[in-house]
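Okay, so here's the structure we're looking at.
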Amino acid sequence: MSESAGGNLDHVLTESRLFPPPAEFTDQAVIKSQAQYEALYEAAKNDPEGFWGAEAKEHLHWFEPFTKVLNWNSPNVEWFVGGKTNACYNCVDRHVAAGRGDKAALIWEGEPGDTRTLTFADLQKEVSKFAAGLQSIGVQQGDVVSIYMPMTPELVIAMLGCARIGAVHSVVFAGFSAEAIADRNNDAKAKVVLTANGLYRRGKVLPLKETVDEALAKSPTIEKCVVLQRIEDQETPMVEGRDIWWHDLVADQPEDFPAVPLDSEASLFILYTSGSTGKPKGIRHTTAGYNLWAKRTFEWVFDHRDNDVYWCTADCGWITGHSYLVYGPLAAGATCMMYEGAPNHPAEDRFWDLIEKYKVTILYTAPTAIRAFIKWGDDHVDKHDLSSLRLLGSVGEGINPEAWMWYHEKIGGKRCPIVDTWWQTETGGIMMSPLPGVTATKPGSCTRPLPGVVPVVVDEAGTELDVDQGGMLCIAQPWPGMLRGIWGDEERYVEQYWSKFPDKYLTGDNARRDPDGYYWIMGRIDDVINVSGHRLSTIEVESALVSHPAVAEAAVVGRPDEIKGQGIAAFVTLKSGEPTDELRKELRLHVRKEIGALAQPDEIRFAAAVPKTRSGKIMRRLLRDIAAGKETAGDTSTLEDYAVIAKLRENDES
Ligand code: WTA
C-alpha cells in the first residue's frame, strides 16, 4: 500500500480527537442536524431519481424540461435526459433575472495590488460580449477552446463565455510548459487558444504569450489565438491573421448576447489530469449534472449564506478552481474573492491581508499552503484581524493532524469548523466532507459521504471490507457530477475506472471506514503522486526524463516532503556522459520544459541500473523506501540485481 500523500499514516491511524461544531455555528447553519443530513442522505440513496429530479428542477434554469432523470447503463450515464439548460445562464443570468444583478460576483485583486469588482450584472455584460466575440471568430457549439491564462476575471469570463455558446473549454494551468500545452491542444483538437501577454508572479512578469507561440508551432488544429493584455507596455509579438487582442475581439460586441439552450449532456469542459500512464487524460464533464453537483455540494459543504465573502485559493487550471471558484459558487449566487498571485508576495502575509481587507468569511485552501504558512511563522498571521472568518476548508490531499490543528487554532481562532473535502477531477465536485453545522470532525478524516454518494471499500475480489480494514475506495451508485468519459478515448475510460469492478466507479484511492462511519483516505493505489495537491503520474515524469539524450532509463517515485506532501525523487541511468551536478541541473530543466515547473524532480540519483522484478516492472516500493531514507522493507527476493540497491544508496545526492 502506498503512503498517504502528505499525511503521516501512523498519526492518522491513531487520531482520536473529536471536534463538534460550535453551537453558534449550528444555530445559523443551513443544515443543522444529523437527522436532517441522514434524511437527505437516505432520500438520495434510496430514490436517486426522485431526489435529483426535484433538486434539478429547483436549482437549475430549464429552457426545456427534462423527460427522464437518469439513464444508467454502467459505465454510461445520462442525467436529466432531454432537458435544455446552460451553465453560464445558471451562474450569471439567473441571478440578474431574479433581481440580484447588483450583488458582487467577483472581487478580484491582482498581484501588484490592482483591484476590480464585478457584479452579476457586470459579469453578464462581459460574458455576453466575449461569447459573441468567440462566435465571431468561428467558434461553434462543440468546438474545443484551450485556455492558458492568469487568474484574472477574464479567465472566469472565458470559461463562462465558452459555456454560453456551448464551446467546450479546456483550461491548462498557466504553469505548464509549451510541450504540455501542445499535447493538450492536439489531444483535444482545440480550435482556439485564449491567453494573456503575461502574468505576475512574485513581482516578475512571466511571458505567457511566448510559451503559447512555442506551443502553437506544434498545434496544427489551432486557428486563432486571443490575447488578453494583462501587462501594459509589454512587447507582444502578434501573428497576423491568427492572433487577436481580447479588447479588440469584444469591442463591438453586444452586452445582451443570449445563452444558448444546451442539452443536459452537452460537454461543458475537458480538464486534463494525470493517470497511471504517461499521457494525461482529458476528463469530460457535461452541462446539467455537473453544474447541479457543483452548486449543491458548494451550498451544503460551505453552508453558503447570502452575505458570505467566499475565497477559494485554487487556480482555475485545476478542478477545484472549476467547481469551487466558478460553477458551484456562481450558480449559488455567492460573492467570490479571486487573487492572481503568490501567497508570499510582497510578503508572507498576503492571504491574511486579503482576508482582513475583504472581510472574507469562508476560506478554502490546500494543506500544502497551510504547511508553508506554518513554516513562514505565526508573526505573519498575528499582524491581521481574521475575525471575519467563520468556516475553513481543505482540499487536494489529506490534511495531516498537525496542519489541521494549526489551521483550526491559528486561522480559525478555534471557532471555525474545518471541512476536509475529499474528491477528484473525475467526481466533478466534493464527495465526502463534514457538513460544518452537523458533523463532529476528526483531524485527518474527510468524515462522511454527501447525499448521493455511496462509497464502498473493497478488496481485490470486490468484496466489501469490514470497518477499519483498508482497501480500494469505490463509488457504488452514479451521481450527477461524475465524469462522462475521457476525451476521445472511450476504451481508456472503461479500462481505467470500470474494468476492475464493472458496476462500481474505481477512485484509485485506498481508504478505510472507522467504527463511526468516518472515512480516512490512505493514498493512491496506482502510480499517481500528489505534489502540493497536484496530481502527477510517475510515468509522465519518467517519460520526460527519458526524452533527454543522456538518459537511458528513469524511475520516479514520491517521497515525503514537509511542505509539498510528496516530493519527486528520480533514479536515472545514463546512456552516456558523467553523472555530474551539471547534468542533474540540466535534467531538472529538461523536465520543466517538457511538463512544467511543478514536475521538476526534487532529487535525482544516478544509478548503474534501476531495480526491477523478473517480469521487468520497476520496483517502486523499494525505491520509495530508498528515497524516504528508510531501510529497505519487504521482500526483495524478486530483485533482478541486489547490487543495484547498494549502488542507489551510495549515490544519495543529499
Ligand atoms: C487526493 C482534487 C485525501 C486523492 C480535488 C484524490 C485527497 C486526488 C483529498 C484527486 C482529501 C484530494 N483527503 N486525499 N481531502 N482531496 N485528495 O483530481 O488521492 O487533483 O484521488 O482533485 O487527490 O486529485 P485531483
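Note on the chain: dipole from Cβ charges, positive end direction compared against Gly133, Val309, Val467; the farthest Cα belongs to Val467.
Straight-line reach from Lys630: taking Cα to Cα under 20 Å and skipping same-chain neighbours fewer than 8 places apart, the lysines in range are Lys564, Lys612, Lys647. 3J(HN,Hα) couplings calculated from phi for the stretch 67-83 with the Karplus curve 6.51 cos²θ - 1.76 cosθ + 1.60 (θ = phi - 60°) are, in sequence order, 9, 9, 6, 9, 10, 10, 9, 2, x, 9, 9, 9, 10, 6, 5, x, x Hz; Gly and Pro show x. Distance from the C-alpha centroid of the stretch 440-516 to that of the stretch 40-96: 22 Å, rounded to the whole angstrom. Restricting to Cα pairs below 8 Å that are 6+ residues apart, what does the relative contact order work out to for the stretch 352-493? Please round to a whole percent. After rounding, I find 17 percent. Of the trypsin sites (Lys or Arg not before Pro) found in the stretch 495-590, those that fall in a DSSP loop while having at most 11 other beta-carbon atoms within 10 Å are Lys575. Taking other residues whose beta carbon is less than 12 angstrom from the beta carbon of Arg305, and scoring Lys, Arg as +1 and Asp, Glu as -1, yields -3. Shown in residue order for the stretch 554-568 are the 3J(HN,Hα) couplings computed by the Karplus curve 6.51 cos²θ - 1.76 cosθ + 1.60 at θ = phi - 60°: 9, 10, 10, 9, x, 9, x, 9, 4, 9, 7, x, 10, x, 10 Hz (x for Gly and Pro). Where the centroid of each part is defined by its Cα atoms, how far is the stretch 201-234 from the stretch 156-195 in Å? If you average the Cα positions of each part, the centres end up 12 Å apart.
Peptides 155-161, 488-494, 616-622 ranked from most to least packed give 155-161, 616-622, 488-494, packing being the mean of other C-beta atoms within 10 angstrom over each peptide's residues. The alpha-carbon of Lys57 sits under 16 angstrom from the alpha-carbons of these lysines, leaving out residues fewer than 8 places away in its chain: Lys68, Lys84, Lys295.
Figure legend: label point modelled 7 angstrom from the Cα of Ile563 along Cα→Cβ; residues of the stretch 367-392 with amide N under 13 Å from it are 368-377.
Look at where the Cα atoms of the stretch 127-149 and of the stretch 302-329 average out, and the two centres are 23 Å apart. Of Lys189/Lys209; Lys375/Lys575; Lys357/Lys593; Lys209/Lys617; Lys103/Lys209, which sit over 29 Å apart, Cα to Cα? From the list (Lys189/Lys209; Lys375/Lys575; Lys357/Lys593; Lys209/Lys617; Lys103/Lys209), the Cα-Cα distance tops 29 Å for Lys375/Lys575; Lys357/Lys593; Lys209/Lys617; Lys103/Lys209. A protection proxy built from the mean count of other Cβ atoms within 10 Å ranks the segments 457-468, 22-33, most packed first, as 22-33, 457-468.
Along the positive direction of the dipole of the chain (beta-carbon charges: Lys, Arg +1; Asp, Glu -1; about the Cα centre), which of Pro449, Val557, Trp52 reaches farthest? Checked the options; the winner is Trp52. Basic side chains Lys and Arg get +1 at the Cβ, acidic Asp and Glu get -1 at the Cβ, and with that the dipole of the chain about its Cα centre reaches some 340 debye.
By the equivalent-ellipsoid construction on the alpha carbon gyration tensor, the chain comes out with semi-axes of 36, 31, 25 Å, ordered largest to smallest.
Readers should treat all values here as calculations from the given coordinates under stated rules, not as data from a laboratory. On a predicted model such as this, the values are computed, not experimentally measured, just so you know. Reconstructed Cβ throughout: ideal geometry from the backbone, glycine too, with neighbour counts over all protein chains shown.
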